[in-house]
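One structure below.
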There are 2 protein chains.
Amino acid sequence: MKYIEKLRNSGLRPTKQRLQICEVLFDREKTFHFTINELEQKIKNHTSRKISLATVYNTVHAFEKKGYLKQIPINSSETYFDTNVTDHHHFYDLKEEKLIDLENSDVGPINILKRINGKKIKSVEVLVKLED
Amino acid sequence: MKYIEKLRNSGLRPTKQRLQICEVLFDREKTFHFTINELEQKIKNHTSRKISLATVYNTVHAFEKKGYLKQIPINSSETYFDTNVTDHHHFYDLKEEKLIDLENSDVGPINILKRINGKKIKSVEVLVKLED
DNA sequence: ACACTTTTTTAGAATCATTATAAACTGGAA
DNA sequence: TTCCAGTTTATAATGATTCTAAAAAAGTGT
Ligand SMILES: [Mn+2]
Ligand SMILES: [Mn+2]
Ligand SMILES: [Zn+2]
Ligand SMILES: [Zn+2]
């Protein structure tokens with residue numbers, strides 16, 4: 001398994017549950033944007049033995065802390081996560097409630113002119129809301 | 001009261017509660033970014049008679065629907081609202097959990113090159129996260 | 001003012017995503 | 001194999017938000 005090393009190197013034990021969640025999250029060509037409940041469904045389809053909801057939450061938060069996932073700010077009742085942890089932007093389809101990646105080349109450079117005293121810029125994210 | 005007309009024109013009855021909430025929200029020079037609980041505190045300081053939490057929620061949602069407030073997407077347990085309903089951008093101070101307006105002139109024009117078939121762009125918002 | 005209708009307010013209950021708990025289990029080091 | 005820190009799990013707790021339904025207030029007409 002290719003994820004065993006990755007997990008070990010992060011100080012996370014490569015448990016059965018984490019490896020299966022890794023497969024669901026990272027065995028993909030494209031970026032995966034998801035809520036916890038969507039992830040839970042994918043896990044159900046992918047494996048026979050069930051993984052408890054608490055473990056899904058624990059794992060997602062552990063991966064987020066290690067930098068393998070990040071949260072995307074959206075006005076939704078559920079939190080959205082992203083397997084693309086690079087700096088990039090999003091379309092948000094309001095009707096479908098789906099995120100779509102926008103590469104930096106799709107948006108062009110963003111130059112923030114204003115600064116706040118004593119604060120550093122950590123990230124610059126563009127959210128483009130889509131309607132029909 | 002200057003808000004009576006505004007409310008009536010929107011089809012909202014100018015009740016004591018709504019007028020007091022209007023004063024707290026809109027009698028300001030600067031944009032007001034707030035959560036429901038922050039707003040509740042301001043209301044407490046501003047008035048003697050208390051307004052129930054349900055009314056604060058009702059009113060904020062009514063004002064949002066009428067276009068007097070808008071939600072700002074932030075990764076926070078509480079929803080943030082903004083009295084500045086024009087198209088503009090934000091700093092988000094992660095430590096203080098505070099939003100700060102960025103005018104369009106502070107960011108410069110953003111040109112979205114990619115398009116999604118059958119979808120129109122409704123808004124383009126930049127969120128700049130700040131750390132110490 | 002009064003009667004009548006509609007909207008709004010309100011306290012409290014319900015909802016639901018998320019987090020906490022604490023007991024059982026497991027991975028890996030020795 | 002023994003041991004222990006780390007992990008999983010079912011379940012309870014939390015907390016922001018929404019719902020409910022009865023009381024109050026506002027608008028309308030008389
Ligand atoms: Mn988190
Ligand atoms: Mn709302
Ligand atoms: Zn993405
Ligand atoms: Zn703002």
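The values are calculated or read from the model by the stated rules, or taken from the named source; none is laboratory data. Keep in mind that this is a model prediction, so the values were computed, not measured. For neighbour counting, all protein chains shown are included, and Cβ atoms are generated from backbone atoms with ideal geometry for every residue, glycine included. The accessibility values were calculated without ligands, DNA or RNA, using every heavy atom of the protein model including side chains. Shrake-Rupley method; radii C 1.70, N 1.55, O 1.52, S 1.80 Å.
On a straight-distance basis, which aspartates and glutamates could pair with B:K95 in a cross-link, Cα separation under 13 angstrom, same-chain partners fewer than 8 positions away excluded?
Correct list for B:K95: B:E131, B:D132.
For segment B:104-110, in order, what is each residue's ³J(HN,Hα) by Karplus, 6.51 cos²θ - 1.76 cosθ + 1.60 with θ = phi - 60°, in whole Hz (x at glycine and Pro)?
4, 5, 7, 10, x, x, 10
Share of the protein assembly as shown's accessible area from carbon and sulfur, percent, 1.4 Å? Spell out each step's value before the answer.
Values: 7030 of 15070 Å².
After summing per-atom areas, the C and S share lands at 47 percent.
With every protein chain present, what is the per residue accessible area of chain A (1.4 Å probe, Å²)? Can you show the working numbers first?
On the way: 7530 Å² over 132 residues.
Here the per-residue accessible area is 57 Å².
Out of the trypsin sites (Lys or Arg not before Pro) in segment B:29-63, which ones are loop residues according to DSSP with at most 13 other C-beta atoms within 10 Å?
Numbers: sites: B:K30, B:K42, B:K44, B:R49, B:K50; in loops: B:K30, B:R49, B:K50.
Answer in residue order: B:K30, B:R49, B:K50.
Straight-line reach from A:K44: which aspartates and glutamates have Cα under 12 Å away, leaving out those fewer than 8 places along the same chain?
Straight-distance partners of A:K44: none at all.
Taking every DSSP beta bridge that has both residues in the protein assembly as shown, what percent is antiparallel when rounded to the nearest 5? Numbers along the way, then the final one.
Numbers: 31 of 39 bridges.
Rounded to the nearest five, the antiparallel share is 80 percent.
In whole Å, what is the distance between the alpha-carbon centres of segment B:50-115 and segment A:18-68?
31 Å
So what is the relative contact order of segment A:49-124, in percent, for Cα pairs below 8 Å that sit 6 or more residues apart?
Numbers: 53 pairs, mean separation 12.0, N = 76.
Computed over segment A:49-124, the figure is 16 percent.
Tell me whether segment B:59-102 comes out rounded, prolate or oblate; compute the Cα gyration tensor, take square roots of the eigenvalues as a ≥ b ≥ c, and use a/c under 1.5 as the rounded threshold.
Working: a/c = 2.93, a/b = 1.52, b/c = 1.93.
Note, shape of segment B:59-102 comes out oblate.
Given a cut-off of 19 Å, name the pairs among A:K42/B:K120; A:K65/A:K122; A:K122/B:K98; A:K50/A:K70; A:K114/B:K114 whose C-alpha atoms lie farther apart than that in the structure shown.
Details: A:K42/B:K120 30 Å; A:K65/A:K122 16 Å; A:K122/B:K98 15 Å; A:K50/A:K70 24 Å; A:K114/B:K114 27 Å.
The answer is A:K42/B:K120; A:K50/A:K70; A:K114/B:K114.
Express the relative contact order of chain A as a whole percentage, based on alpha carbon pairs under 8 Å and six or more residues apart in sequence.
Working: 134 pairs, mean separation 26.2, N = 132.
RCO, chain A: 20 percent.
Give me the summed buried accessible area for the B-A pair, 1.4 Å probe, to the nearest 100 Å².
On the way: alone 9240 and 9220 Å², together 15070 Å².
The summed interface area works out to 3400 Å².
Does the protein assembly as shown come out rounded, prolate or oblate, given a ≥ b ≥ c as the square roots of the eigenvalues of its C-alpha gyration tensor, rounded meaning a/c under 1.5 and, failing that, prolate meaning a/b above b/c?
Numbers: a/c = 2.06, a/b = 1.72, b/c = 1.20.
Taking the square roots of the gyration eigenvalues as a ≥ b ≥ c, the protein assembly as shown is prolate.
For segment A:26-72, run through the GluC sites (Glu not before Pro) and keep only the ones in DSSP coil with at most 13 other Cβ atoms within 10 Å of their Cβ. Let's see the in-between values first.
Values: sites: A:E29, A:E38, A:E40, A:E64; in loops: A:E29.
Counting only loop positions with at most 13 other Cβ atoms within 10 Å, the GluC sites (Glu not before Pro) in segment A:26-72 are A:E29.
How would segment A:86-132 be classified by its alpha-carbon gyration tensor: rounded, prolate or oblate, with rounded meaning a/c under 1.5 and the a/b versus b/c comparison settling the rest?
On the way: a/c = 2.70, a/b = 2.14, b/c = 1.26.
Prolate, since a/c reaches 1.5 and a/b exceeds b/c.
Rounded to the nearest 5, what is the percent of antiparallel bridges among the DSSP beta bridges in segment B:86-132?
Among the beta bridges of segment B:86-132, antiparallel pairing accounts for roughly 55 percent.
Calculate how many DSSP beta bridges within chain A are antiparallel, expressed in % of all such bridges and rounded to the nearest 5.
Details: 10 of 14 bridges.
The antiparallel proportion sits near 70 percent.
Only protein chains counted, 1.4 angstrom probe. Which residues of segment B:57-78 are at least 50 Å² less accessible in the assembly than when their chain is isolated?
The answer is B:P73, B:N75 - residues whose exposure falls by at least 50 Å² when every protein chain is included.
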